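The values are calculated or read from the model by the stated rules, or taken from the named source; none is laboratory data. It should be emphasised that the depicted structure is a prediction, and the values quoted were computed from it without experimental measurement. No Cβ is skipped: glycine too gets one built from the backbone with ideal geometry, and neighbour counts run over all protein chains shown.
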Amino acid sequence: MLNSLLGPRIYDRLCLGMKVGGMDEDVLYVFVSNEACAAEIEAVHTDDFALAAEHVLNQPVRCVNVIPYDFTDLSSP
């Protein structure tokens, strides 16, 4: 469904390697390959991600948090 909402080119560019981290209450967590993809998704496409997730999960999604993988490494230097 997300491919249809975004279109194949945008989907392939933004969602390659994407992982859905899950839901916490009505917040969807999505992990993407880099900060640029995360910024574009949050600026332009969160409604599409929420709609697709609501369709698949059959529960409301009020917020989409898009997190780049490079921000998820919390190991000490």
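Residues in the stretch 34-49 that are over 18 Å from Met23 (Cα atoms) and surrounded by fewer than 17 Cβ atoms within 10 Å (Cβ to Cβ): Asn34, Glu35, Ala36, Ala39, Glu40, Ala43, Val44.
Out of the residues in the stretch 50-77 meeting the condition of being at pLDDT below 95 and polar (S, T, N, Q), tell me which one is surrounded by the most Cβ atoms within 10 Å (Cβ to Cβ). Residue satisfying both the conditions and the ranking: Thr72. If you go through the stretch 1-47 and keep only what is within 12 Å of the chain's Cα centre (by Cα), without any contact (Cβ under 8 Å) to a residue 12 or more places away in the chain and closer than 13 Å to Val61 by Cβ, you end up with Gly22, Asp47.
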